[in-house]
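Colleague: What follows is a single structure, and I will ask about it in a moment.
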Amino acid sequence: MRFAGVMLAVAAKDLRCELRGKELLPALTQFVVLSLVIAGFAFDLDASSGPRLSPGILWLVLVFAGLLAFGRTFAAERDVGSLEAMLLTPAGAPAIFAGKALGATVLLVACEAVLLPAMAVFLASPISPAVVATVLLATVGMAWLGCLFAALAAQTRARELLLPVLALPLWIPFVVVGSRAVQVAMSGGGFGAWAPAGQPYAVLLDFDILFLVVSSLAARFVLDD
Amino acid sequence: MIAVRARGLVQRFGDRVVLGPLDLELAAGERLAVLGDNGAGKTTLLRLLATAARPAAGRLELLGVEATRERERLRARLGYVGHQLGLYPALTALENLEFFARLHGLGRERARPALETVGLGGVAHRRLEQLSRGQQQRLALARSVLHDPELLVLDEPDASLDAEGRDLLGALFEGRSVVMATHDLALARGLCHRALRLRAGREAGDPWGAPRAGGPSVRPREGAGPVPLPNGRAAGARALG
Amino acid sequence: MAEVPPGPTDPEGAENRRLTALAGVAVAAMLVAGWAIFVYAPQDALQGPVQRIFYLHVASAVAAFGCFAVVLLGSLAFLWRGSLVGDRLGRAAAHVGLVFTTVTFLMGVVWAKPIWNWDPTRTWDARLTSTAALWVIYAGYLLVRRLAPPGRTAMRLAAVVGVIGFVDVPVVYFSVEWWRTLHPGPVLTAPGGPAMPAPMVVAYLVTQAAVGLLCGVLVAIHYRVQARRDAALARAVAGQLELASAPEGR
């Protein structure tokens, strides 16, 4: 249970710092809203095209918000040398990483709490519980992977360049499957549709499990020497 | 017990050897001052001793354990203060210590006494970013002894401390083995038993800055046995709290 | 924990000759494959001469996957056992694999255009995207090597990318089944046996063998160049240490 204790302590610390610092969350929220406004003009959205293009816009905004969030979470630690300080305790790299990833997930979810209602308002997207569930399912996997690569990129010379290069290809499966799942959900298929249309959910879950395990195993090698 | 045993320690960055080969031995309870100009390799050596980095070659044993094995257990017995504080600006002094206590698997109640020990009891609820540099340094020192480590590795801990803060160091060192890098020769003489001077990553022969009879200082002392500490107590009797 | 890598253990000349001979065999094999593709194999009734790209395209894809499997194994060997050989092999295979991925991708584009009137700005294809993603991942592997602090850190971080990147490989293969795409179904492993006539299968196998050999030779050459560079580095470091160890009049 030491693992859980450390993970929760690290996540709580990150969230507390964020609530006090108030740097990332306002920036993310601003980014989200602005993106939607720009999308509205750029795609010339109206009552019919809004819902149709919603899944795509959703993932586009989510991906870039994610890059922003994960990049920052490790950059901040690096500035004060606190990542090393955490590692020089018996807490262990896997638990510390899990805590960082959990914190980043919560931040991204907070972002989504702004994004999804905003989409319902600006783009007339049909946001249903199934859509929310799909987004949350994908967020977990994307966050864990994103954090791993953020931790990796933070140790290199060109971290802003490297994070997208590493994370985007591996996020593609999430985006593709998630997009299909959101399409299904938005066109009215709820959880009941476990027929061929239900497959995307299962695939997302598989991805989540796979990448969670892989990231956790890799964390030790990325964070610590 | 030998606190630190290093044989042929080497560190390199790319194709440049920045430290070594270096031999070093520190008995339990001994205090070693690491002296030298900037760039001589002091920080590199200290980071190796704190397990913050892996050596490129050589053998390193800390507290009887090979340094690259069981690092998590070793780190529970080591304390380190480097150039960066490693503390969170947005958290209060108390919250910072409570967090690290959690990471060490200790109860949060350990934080308050540690704060008092370094004289920061009065600013417990002030955020780190609102403290002076000297106060922040004291907090980092408090964090390094939170878990009552056997070996303390400090990289220029006196850098931002006032006279009162420097007196503090002696109290914190009590009962522990210490490796401390510093530019302050007087402080080093007052607090430490021995000195190691580095020059271009290698041991230089004049540790205290003046010729000394009896050969280089880092040969192991003749005869094992507890090292008498300045206050008369023997090492091994670790002070609590 | 001495980590100074050993110098080359083979006499240089013998190793050079071996590699050159192998390279010659690989080139010869490619010529044979060329004959197999253009002369031996019959023309496809439906797709016409363009279909001949298929042999090289698939062979390159398989070679690329093989390379990335080597990157995976090398990376795992480095992470688990600190194997410098593994690290070197991974780097060599990543370079070569990237080349073959490029070839696969370009051939795929050339093949697709006349067959489906394919317009990259209109149609999205899962396998194309996955191949491009694979390319970016291994380009990322090489970038990480270059941008991270040199030495153990670069090796360690790149190895992580090598392991995780490999996870994308099955995604590429299964993408044909998971997503509705324009990519023709797998013709070689279809349940009823190969959907191609025997001479085509033979032509493919010959091409695959030749490409595989070429790939192996390229990796071996790359590895050797890297091994010699590492040996030179080790000598430079050892030289510095010897200088440092010389008695200084202590």
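Just so it is clear, none of the values below were taken in a lab; they were calculated from the coordinates. Please read these numbers as outputs of a predicted model, since none were measured by experiment. Glycine also receives a Cβ, built like all others from the backbone with ideal geometry; neighbour counts cover every protein chain displayed.
Colleague: Could you give each residue of region B:134-142 its phi-based ³J(HN,Hα) in whole Hz, using Karplus coefficients 6.51, -1.76, 1.60 with θ = phi - 60°, and x for Gly or Pro?
Modeller: x, 5, 4, 5, 4, 5, 4, 5, 4
Colleague: Can you sort C:221, C:37, A:209, A:96 from fewest to most other Cβ atoms within 10 Å of each residue's own Cβ? List each step's numbers first, then the result.
Modeller: On the way: C:221 16, C:37 21, A:209 12, A:96 26.
So the ranking, lowest neighbour count to highest, is A:209, C:221, C:37, A:96.
Colleague: Just to be sure I understand: if I project the alpha-carbon convex hull of region A:69-117 onto a plane and average over all orientations, what area do I get in nm²? Let's see the in-between values first.
Modeller: Numbers: hull surface 14.1 nm².
Its average projected convex-hull area is 3.5 nm².
Colleague: Then there is this: By counting other Cβ atoms within 10 Å of each Cβ, how are A:211, B:13 ranked from fewest to most?
Modeller: Details: A:211 24, B:13 14.
Ascending number of Cβ neighbours within 10 Å: B:13, A:211.
Colleague: Then there is this: Any aspartates and glutamates with Cα under 19 Å of the residue A:22 Cα? List them, leaving off those in the same chain fewer than 8 positions away.
Modeller: Filter leaves A:14, A:77, A:79, A:112, B:95, B:129.
Colleague: Distances longer than 32 Å among the Cα atoms of chain B: what percent of all pairs is that? Before the final figure, lay out the partial values.
Modeller: Numbers: 5178 of 28920 pairs.
So the portion of pairs separated by more than 32 Å is 18 percent.
Colleague: If amide hydrogens are placed 1.01 Å from N in the peptide plane, which non-local residues have theirs closer than 5 Å to the one on residue B:31?
Modeller: The list, which skips near neighbours in sequence, is B:178, B:193, B:194.
Colleague: Could you work out the relative contact order of chain B, using alpha carbon pairs under 8 angstrom and six or more residues apart, expressed as a whole percent?
Modeller: Values: 458 pairs, mean separation 65.9, N = 241.
Across chain B, relative contact order equals 27 percent.
Colleague: Could you give me the ³J(HN,Hα) list for region A:85-100, computed from phi with Karplus coefficients 6.51, -1.76, 1.60 and θ = phi - 60°, whole Hz, x at Gly and Pro?
Modeller: Per residue, the Karplus-derived 3J(HN,Hα) values read 4, 5, 5, 7, 10, x, 4, x, 4, x, 5, 4, 4, 4, x, 4 Hz.
Colleague: Once you treat every alpha carbon in region A:1-138 as an equal point and sum by Debye, what is log10 I(q)/I(0) at q = 0.17 Å⁻¹?
Modeller: Rounded to two decimals, the profile gives -0.90.
Colleague: When N is the residue count of region B:88-148, what does its C-alpha Rg come to as a fraction of 2.2 N^0.38 Å?
Modeller: On the way: Rg = 10.1 Å, N = 61, 2.2 N^0.38 = 10.5 Å.
With N residues counted in region B:88-148, Rg over 2.2 N^0.38 Å equals 0.96.
Colleague: If you average the C-alpha positions of region B:14-34 and of region A:1-51 separately, how far apart do those two centres end up, in angstrom?
Modeller: Region B:14-34 and region A:1-51 have Cα centres separated by 47 Å.
Colleague: Based only on Cα atoms, what mean projected area does the convex hull of region B:18-119 have, in nm²?
Modeller: Numbers: hull surface 33.1 nm².
The directionally averaged projection comes out at 8.3 nm².
Colleague: How large is ³J(HN,Hα), in whole Hz, for each residue of region C:231-236 in order, when computed from phi with the Karplus curve 6.51 cos²θ - 1.76 cosθ + 1.60 and θ = phi - 60°, using x for Gly and Pro?
Modeller: So the Karplus estimates, Gly and Pro as x, are 5, 5, 4, 4, 5, 4 Hz.
Colleague: Continuing with this model, one more query. Please give the average number of partner chain Cβ atoms lying within 10 Å of the Cβ of each residue in B:96-104, rounded to a whole number. Intermediate results must be reported in sequence, preceding the final value.
Modeller: Values: counts 3, 0, 2, 8, 8, 2, 9, 17, 4.
Average neighbour count from other chains, rounded to a whole number: 6.
Colleague: Here's another thing I want to ask about it. Using amide H atoms built 1.01 Å from N in the peptide plane, name the residues 5+ places from residue B:57, or on other chains, whose amide H lies under 5 Å from its own.
Modeller: Result for residue B:57 returns B:10.
Colleague: Work through the residues other than residue C:204 whose Cβ is under 13 Å from its Cβ and net out their charges, Lys, Arg +1 and Asp, Glu -1.
Modeller: Working: positive: C:52; negative: C:44.
Residues close to residue C:204 contribute a combined charge of 0.
Colleague: Follow-up. Per residue of A:85-98, what is the mean number of Cβ atoms on other protein chains within 10 angstrom of that residue's Cβ?
Modeller: Details: counts 16, 4, 7, 17, 14, 11, 8, 4, 2, 0, 1, 1, 0, 0.
Mean shielding by partner chains, rounded to a whole number: 6.
Colleague: How far is the Cα center of region A:111-151 from the Cα center of region C:86-113, in Å?
Modeller: 34 Å
Colleague: Evaluate peptide C:158-166: per residue, the Cβ atoms of other protein chains within 10 Å of its Cβ; return the mean as an integer.
Modeller: Working: counts 1, 3, 13, 9, 0, 4, 12, 3, 1.
Mean shielding count: 5.
Colleague: Another one. Considering amide H positions built from the backbone, and no H for Pro or chain starts, which residues 5 or more places from residue B:3, or on another chain, come under 5 Å of its amide H?
Modeller: Residues meeting the amide H criterion: B:26, B:27, B:28.
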